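K.L.:
Pasting in a structure now, in C-alpha cells, and then I'll have a few things to ask.
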Amino acid sequence: MKSDSSSSPAEVRVVTKHINIPASKLRRVVDQIRHRSYEQALMILESMPYRACPPVLRLVSAAASAGQAGGLSKAEPFVVGAEVGRGRYYKRVRPRAQGRAFPVRRHTRNVALAVRHGRMQ
C-alpha cells in the first residue's frame, strides 16, 4: 500500500497493487463503499460474502489510520473515491495435447482509495 500526498490536504489516497482478483469482482465491492462514511464502509465490507472484501477492508482501514497519523482532523473519515485499475500480468503456461503449451496471462488489479477526514462538501 502506498500513500500519495498529491491530493487535497484533508484527503488521503492509498493504493494497493497486484491483487489477484478479477476486476468485475473487485468493482462489485468497491462500488458499494464509494461515497460512504468509514463506519458504513466497514459494516458493508464485513457483512459481504465476497473474496474481494478483505483486501478492500485492509485498504479502507489503512487510509483512515494514515489520515489520523498524518495529523488530519479526528472527524469521521469519508470514502470520497475508489477505483479499480489494471495491474501487471503474470505469464503462465497451460499444457496442451501432444506436448504443446499455450501461454496464459494472469491479470492483476490495482485498487486506489481516497478518504477525506472531516465534512463532505
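K.L.:
With respect to the numbered conditions (1) charged (D, E, K, R); (2) modelled with pLDDT under 95; (3) open to solvent by 80 Å² or more (accessible area, probe 1.4 Å), which one is the sole condition not fulfilled by Arg116?
P.N.:
The single condition Arg116 does not satisfy is (3).
K.L.:
Related question: Take Ser6 and decide whether it is open to solvent by 40 Å² or more (accessible area, probe 1.4 Å), polar (S, T, N, Q), out of contact with any Phe, Trp or Tyr (no Cβ under 7 Å at 6 or more places or on another chain) and modelled with pLDDT of 80 or more.
P.N.:
Numbers: open to solvent by 40 Å² or more (accessible area, probe 1.4 Å): yes; polar (S, T, N, Q): yes; out of contact with any Phe, Trp or Tyr (no Cβ under 7 Å at 6 or more places or on another chain): yes; modelled with pLDDT of 80 or more: no.
No.
K.L.:
On to the next question. Scanning for something of a type in the set (D, E, K, R), touching a strand residue (DSSP E or B) at 6+ places or on another chain (Cβ under 9 Å) and either at pLDDT 90 or above or closer than 21 Å to Pro22 by Cα (or both), does the stretch 49-70 turn up at least one residue?
P.N.:
Kept after step one, since they are of a type in the set (D, E, K, R), are these residues of the stretch 49-70: 51, 58.
Next, only the ones that are touching a strand residue (DSSP E or B) at 6+ places or on another chain (Cβ under 9 Å) stay: 58.
Of the ones still in play, those that are also either at pLDDT 90 or above or closer than 21 Å to Pro22 by Cα (or both) are 58.
Within the stretch 49-70, one or more residues are of a type in the set (D, E, K, R), touching a strand residue (DSSP E or B) at 6+ places or on another chain (Cβ under 9 Å) and either at pLDDT 90 or above or closer than 21 Å to Pro22 by Cα (or both).
K.L.:
So which residues in the stretch 14-36 are under 14 Å from Pro54 (Cα atoms), in a loop (DSSP other than H, G, I, E, B) and open to solvent by 20 Å² or more (accessible area, probe 1.4 Å), if there are any at all?
P.N.:
Asn20
The values are calculated or read from the model by the stated rules, or taken from the named source; none is laboratory data. Computed from a predicted structure; not experimentally measured. All Cβ positions, glycine included, derive from the backbone under ideal geometry; neighbour counts span all protein chains shown. Protein only, heavy atoms only, side chains kept; ligands, DNA and RNA dropped before computing areas. Shrake-Rupley method; radii C 1.70, N 1.55, O 1.52, S 1.80 Å.
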